[in-house]
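The values are calculated or read from the model by the stated rules, or taken from the named source; none is laboratory data. A quick note: this is a predicted structure, and the numbers were derived from the prediction, not measured. Ideal geometry is used to build each Cβ from the backbone, glycine not excepted, and the neighbour counts take in all protein chains shown.
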Amino acid sequence: MTNNDSPQTDNPLSAPPSVAQIFGGFLGLGFMSFGGALPLARRAIVEQRRWLSAAEFTDLLGLCQFLPGGNVINLSVAVGMRFRGLAGALAGLLGLIAGPSVVVIGLGVLYEHTQSDPHVQHLFAGLAAAAAGLLVSMAVKILLPLRHSLPGAAIAALGFVAIALVRFPLLPTMLVLTPVSIYLAARASKGAAK
């Protein structure tokens, strides 16, 4: 791991981004993150730009995963809204989807003409493996702030078991675990205040 790759959680957060910085940050993220935006979003928002701390990112991502729609799209709106209100939310959303939409349309046209080529099929198999690796990396980084919170880690473990192993549907699982996690977080904050 190089110095540029190490998490910068000890550094102070940067100044709140402008609307243009939000648009540019999510535009760059959108161009770099086909199929694996969440790991890159965490890296850009927490480690590189330092807009949020690791714990703030994890909390905001938890909310975004509970909401309907794509997690990274929800995250772009939430980050923009947090710093610049409605204008920031629109800037984050448009930045995330503008450039990649044009690229995806172009690639779709190209793929339609080359989809039966074995080289293209092997390329997509390799891309799927890389995306899986990015997802595992992001999951580990999101779990790291939970190592200091036994209740948070327990809720995460219960969610994983319920959804990944037992195969409960996401919505009922979240409807049960969300109030439990809110209760545990409230108890922990009351205990810390005493």
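What to note about this one:
- Against the test of being closer than 30 Å to residue 16 by Cβ, hydroxyl-bearing (Ser, Thr, Tyr), outside the structural domain of residue 60 (by TED's automatic domain parsing) and touching a residue at least 24 places away in the same chain (Cβ under 8 Å), the options 137, 181, 189 yield a single qualifying residue, 181.
- Hits in the stretch 31-65 - residues which are outside any helix (DSSP H, G or I), hydrophobic (A, V, I, L, M, F, W, C) and at pLDDT 90 or above: 51, 52
- If you go through the stretch 66-100 and keep only what is exposed (fewer than 12 other Cβ atoms within 10 Å of the Cβ) and either acidic (Asp, Glu) or part of a helix (DSSP H, G or I) (or both), you end up with 85, 86.
- Complete set of residues in the stretch 104-132 that are small (Gly, Ala, Ser) and either assigned to a helix (DSSP H, G or I) or in contact with a Cys (Cβ under 6 Å, 6 or more places away or on another chain) (or both): 106, 108, 125, 126, 128, 129, 130, 131, 132
- Residue in the stretch 150-172 that is more than 22 Å from the chain's Cα centre (by Cα), under 22 Å from residue 68 (Cα atoms) and surrounded by 13 or more Cβ atoms within 10 Å (Cβ to Cβ) present: yes
- Of all residues in the stretch 2-30 being under 23 Å from residue 136 (Cβ atoms) and in the same structural domain as residue 94 (by TED's automatic domain parsing), the one that is modelled with the lowest pLDDT: 30
- Pick from the stretch 110-133, criterion farther than 22 Å from residue 40 by Cβ and surrounded by 10 or more Cβ atoms within 10 Å (Cβ to Cβ), ranking: farthest from the chain's Cα centre (by Cα): 117
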